[in-house]
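See below for the structure under consideration.
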Amino acid sequence: MVREEPGNERPVYRLFWDRGSANMAPHAVLREIGCRFELIRVDISKGENRAPAYLALNPNARVPTLVHGGRVIYESAAILMYLCEAHPDAGLMPLPGDPDRGAFLQWLFWMTNTLQEDLQHWWHADNYLDGEACRHEMKIVAERRLERMFSQLDSHLAAGGPYMLGNRFSALDVFLVMLCRWTRAMALPATSYANLNRLIGLVTARPAWAAMMLAEGIDWNGPLAS
């Protein structure tokens with residue numbers, strides 16, 4: 001557990017997380033906002049995500065989970081939106097009435113419903129199929145589909161980048177770069193695409209992203225040595 005709070009003040013948020021998981025984007029956004037928060041690690045390798053106390057918060061046995069007062073929110077994209085709307089002054093999400101809001105919502109939902117799903121197929125084929133041959137085939141198909149999706153994203157950035165909303169940095173870019181990191185072991189990782197690689201460089205150079213990685217004990221390629 002890592003406390004992120006000045007003095008004896010209570011943290012505004014509590015984020016339950018594990019190394020390099022879908023908590024990366026909400027964690028980085030908390031640091032972009034600059035509010036007080038507490039990190040509580042849920043070590044999935046030790047089965048802590050299935051402990052009764054954690055399942056009472058998130059019955060899906062996944063991270064992240066955000067606790068804010070009496071509210072409990074899970075699903076990374078939902079937490080992202082919750083934080084951005086709770087802190088509009090941070091400017092990390094177009095609010096209702098903003099011309100960019102539709103594009104923000106479109107891309108965020110596409111990333112979590114489509115792109116992230118194929119990443120799950122690649123990393124966790126054992127959750128879907130029995131038998132090594134079937135799992136291997138699922139990974140091949142997932143990687144083929146992901147190449148098309150990342151090409152689509154790269155073309156979008158080429159036409160209107162450097163960020164997903166043009167010249168406007170947003171939480172959408174943080175979420176996408178988190179997903180890009182999950183391709184690092186693939187034959188054609190996201191860094192292979194010029195415009196995506198430029199976006200990755202812009203986001204990973206931000207102090208909030210760097211602080212998130214350090215706190216989680218990871219770099220782009222995996223966990224740091226203990």
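The values are calculated or read from the model by the stated rules, or taken from the named source; none is laboratory data. Just so we're clear, the structure is a prediction, and the values are computed from it rather than from any experiment. Side chains are part of the model used for accessible areas, which takes the heavy atoms of the whole protein and leaves out ligands, DNA and RNA. Shrake-Rupley method; radii C 1.70, N 1.55, O 1.52, S 1.80 Å.
Things worth noting here:
- Taking the protein heavy atoms of the range 62-158 in the context of the full set of protein chains, the accessible area attributed to carbon and sulfur is 51 percent at 1.4 Å.
- Accessible surface area normalised per residue over the range 35-147 is 53 Å², counting heavy atoms of protein chains with a 1.4 Å rolling probe.
- For the range 59-66, backbone phi angles converted through the Karplus equation (6.51, -1.76, 1.60; θ = phi - 60°) give residue-by-residue couplings of x, 7, 6, 10, 10, x, 9, 10 Hz, Gly and Pro being listed as x.
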